[in-house]
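As structure tokens, the structure follows; a few thoughts come after it.
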Amino acid sequence: MTSFATADLSDAYSERVQIAEPIFRQYGGQAQFHGLIATVKLFEDNVLVRQLLESTGNGRVLVVDGGGSLRCALVGDMLAQLAIDNGWAGFIIYGCIRDTAVIADMPIGIRALNAHPRKSVKRGEGVIDIPVHFAGVNFQPGHYLYADADGILVASTPLI
């Protein structure tokens, strides 16, 4: 993986990047990750998350707009392992995850609002590959996301 620092990218490309508000906690064993953005918008239902993760990730980052719900988890250790197995770089989850002790040792980057032990419902409702907005950022499918211990940046073109 190419090394980078979001602080350096922010300095070098201040006019070209959006910086997410610092509302996310770091989970997963990969503190630094980047890739093309894929999106899903849903609420307390992770069926479409699984559906996306069953496809080849090619180093993409799945941005999950879970409506900011703190009432259930949208990703756990099994979905994190599926993402690893299929070549996803990581997740940004505007919602919760679970199985954090196991996920902490997994080679994937995950940012989420918090942890919650309850699993989501399974209705299959939501929308894939649409622009989503949270944390002060417009996440567009096909744009580029960079995350490290200092934060999350999004740009319309590659920065590294």
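The values are calculated or read from the model by the stated rules, or taken from the named source; none is laboratory data. Values in this document were obtained by computation on a predicted structure and should not be read as measured data. Quick reminder, even Gly has a Cβ in these numbers, built from the backbone with ideal geometry, and neighbours come from all protein chains shown. Quick note on the areas: whole protein, heavy atoms, side chains included, nothing else; ligands and nucleic acids left out. Shrake-Rupley method; radii C 1.70, N 1.55, O 1.52, S 1.80 Å.
A compact table of results
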{"item": "Yes/no for residue 123 being over 26 Å from residue 19 (Cβ atoms), in contact with a Pro (Cβ under 8 Å, 6 or more places away or on another chain) and in contact (Cβ under 8 Å) with a residue 24 or more places away in the chain", "result": "no"}
{"item": "Odd one out for residue 146 among (1) out of contact with any Asp or Glu (no Cβ under 6 Å at 6 or more places or on another chain); (2) more than 14 Å from residue 26 (Cα to Cα); (3) not hydrophobic (A, V, I, L, M, F, W, C)", "result": "(2)"}
{"item": "Any chance residue 14 is open to solvent by 10 Å² or more (accessible area, probe 1.4 Å), in contact (Cβ under 8 Å) with a residue 12 or more places away in the chain and not basic (Lys, Arg)", "result": "no"}
{"item": "Among the residues listed as 50, 118, the single one being in contact (Cβ under 8 Å) with a residue 40 or more places away in the chain, open to solvent by 70 Å² or more (accessible area, probe 1.4 Å) and either aromatic (Phe, Trp, Tyr) or more than 21 Å from residue 137 (Cβ to Cβ) (or both)", "result": "118"}
{"item": "Flag if residue 78 is without any contact (Cβ under 8 Å) to a residue 60 or more places away in the chain and farther than 23 Å from residue 9 by Cβ", "result": "yes"}
{"item": "Test: residue in the stretch 62-70 that is outside any helix (DSSP H, G or I) and more than 23 Å from residue 140 (Cβ to Cβ)", "result": "yes"}
{"item": "Boolean, residue 84 is among the β-branched types (Val, Ile, Thr) and assigned to a strand (DSSP E or B)", "result": "no"}
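Conditions tested, residue by residue: (1) open to solvent by less than 50 Å² (accessible area, probe 1.4 Å); (2) in contact (Cβ under 8 Å) with a residue 12 or more places away in the chain; (3) in contact with a strand residue (DSSP E or B) (Cβ under 7 Å, 6 or more places away or on another chain).
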site	(1), (2), (3)
107	no, yes, no
129	no, yes, yes
132	yes, yes, yes
144	no, yes, yes
150	no, yes, no
